[in-house]
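One structure is given here, and the rest of the page talks about it.
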């Protein structure tokens, strides 16, 4: 029997990322069965013949259950499809969250997705936090990202749909070997889950506890716009603090960039983000270059604000002395 943790869903405005596939269809009907109010959002990438039918199905399903269905067609991507499609998808969801005032974004990631992520990161070199990857709850800037189905394997979700005669679509691209995730699913994760599902599930529970302990060596003490100031209890947590902070801001560090962060105390990543270490304080902000008055620069010097951070706080009219009082 499938159950949902309703603590963060009740009396909230929820948006479900819907694809009409097995996972999101199972979550759709579980939410209905638990009397959770929600709307759905679906993206048509226009790369499969049945995608139009899926969007039509989503709209019909929403109308049938008195929900609202948001839909959009993505542009055509000639390269790096997975990354660009993901970026487009989340930009769409986050625009809806901002416009409509949703509290939660729900995605239908399940145990197989989590295992595939671990295996892919394992082959590239990753620490505990990166291996865990997907969390049941992630607090974003303006909303909470929830993944209620992480404890369940796809096979359980499929049985649930079939036992209740609920409709769903099979996305044929999920078996296309040109996508890296599909290779890991076909060659490793499906076989492992079919035999060791309970042990794998317990391992992820243990890993999340370990991750929490590892990440207890730093604390974000100031947020304003895209500026973050984090206090490090141990200098060895600098890379981890940088990585996690940038993830919340929508930027993923590469392995090479992690090495840069480890070696340098002042750098610009990808021409987009500034990372500066000042004593035990880690400053992260967007990278800007603009003229600043002498009086402002002096105030920053007195407040020990790192040079590369200053243009952003100047643009955002943040008083340097205010940062002293908060740090």
Report task. Tell me, yes or no, whether segment 314-321 has at least one residue that is closer than 20 Å to residue 246 by Cβ, out of contact with any helix residue (DSSP H, G or I) (no Cβ under 6 Å at 6 or more places or on another chain), in the same structural domain as residue 244 (by TED's automatic domain parsing) and touching a residue at least 40 places away in the same chain (Cβ under 8 Å). Result -> yes
Report summary line: Sole miss for residue 192 among (1) assigned to a helix (DSSP H, G or I); (2) crowded, with 16+ Cβ neighbours inside 10 Å; (3) in contact (Cβ under 8 Å) with a residue 12 or more places away in the chain is condition (2)
Query - segment 95-126, subset surrounded by fewer than 22 Cβ atoms within 10 Å (Cβ to Cβ), more than 16 Å from the chain's Cα centre (by Cα) and closer than 28 Å to residue 194 by Cβ, residue modelled with the lowest pLDDT - result: 126
Requested in this report: For segment 8-36, name all the residues that are in contact with a strand residue (DSSP E or B) (Cβ under 9 Å, 6 or more places away or on another chain) and closer than 20 Å to residue 161 by Cα.
Outcome: 16, 17, 18, 19, 20, 24, 27, 28, 31, 32, 36
Report summary line: Taking segment 130-150 and the residues there that are surrounded by fewer than 18 Cβ atoms within 10 Å (Cβ to Cβ) and either more than 11 Å from the chain's Cα centre (by Cα) or outside the structural domain of residue 186 (by TED's automatic domain parsing) (or both), the one that is farthest from residue 252 (Cα to Cα) would be 142
Report summary line: Going through segment 24-57 in order, the residues found to be under 17 Å from residue 105 (Cα atoms) and part of a helix (DSSP H, G or I) are 24, 25, 26, 27, 28, 29, 30, 31, 32
Requested in this report: Being assigned to a helix (DSSP H, G or I) and in contact with a strand residue (DSSP E or B) (Cβ under 9 Å, 6 or more places away or on another chain) is the filter; apply it to segment 291-314 and report the residue that is surrounded by the fewest Cβ atoms within 10 Å (Cβ to Cβ).
Outcome: 307
Report summary line: Note on segment 136-151: residues outside any strand (DSSP E or B) and either within 15 Å of residue 101 (Cα to Cα) or free of Cβ contacts under 8 Å to residues at least 60 places away in the same chain (or both) are 140, 141, 142, 143, 147, 150, 151
Query raised in the report: Before we move on, is residue 68 surrounded by fewer than 16 Cβ atoms within 10 Å (Cβ to Cβ), within 22 Å of residue 142 (Cα to Cα), touching a strand residue (DSSP E or B) at 6+ places or on another chain (Cβ under 6 Å) and assigned by TED's automatic domain parsing to the domain that holds residue 150?
Result: yes
Report task. Output the residues belonging to segment 273-287 that are surrounded by 11 or more Cβ atoms within 10 Å (Cβ to Cβ), in a loop (DSSP other than H, G, I, E, B) and either at pLDDT below 95 or over 28 Å from the mean Cα position of the chain (by Cα) (or both). Result -> 280
Query raised in the report: Within segment 3-26, is even one residue more than 21 Å from residue 143 (Cβ to Cβ) and modelled with pLDDT under 95?
Result: yes
Report summary line: From the option list 214, 252, single residue qualifying as touching a helix residue (DSSP H, G or I) at 6+ places or on another chain (Cβ under 9 Å), within 20 Å of residue 138 (Cβ to Cβ), surrounded by fewer than 16 Cβ atoms within 10 Å (Cβ to Cβ) and in the same structural domain as residue 281 (by TED's automatic domain parsing) is 252
Report task. Quick one: residue 44 ticks every box in (1) surrounded by fewer than 19 Cβ atoms within 10 Å (Cβ to Cβ); (2) touching a strand residue (DSSP E or B) at 6+ places or on another chain (Cβ under 6 Å); (3) within 20 Å of residue 152 (Cβ to Cβ) except a single one, so which number is it? Result -> (3)
Query raised in the report: So which residues in segment 47-61 are within 25 Å of the chain's Cα centre (by Cα) and either closer than 17 Å to residue 92 by Cα or crowded, with 17+ Cβ neighbours inside 10 Å (or both)?
Result: 51, 54, 55, 58
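The values are calculated or read from the model by the stated rules, or taken from the named source; none is laboratory data. What you see is a predicted model; the values in this text were computed from it and never measured. For neighbour counting, all protein chains shown are included, and Cβ atoms are generated from backbone atoms with ideal geometry for every residue, glycine included.
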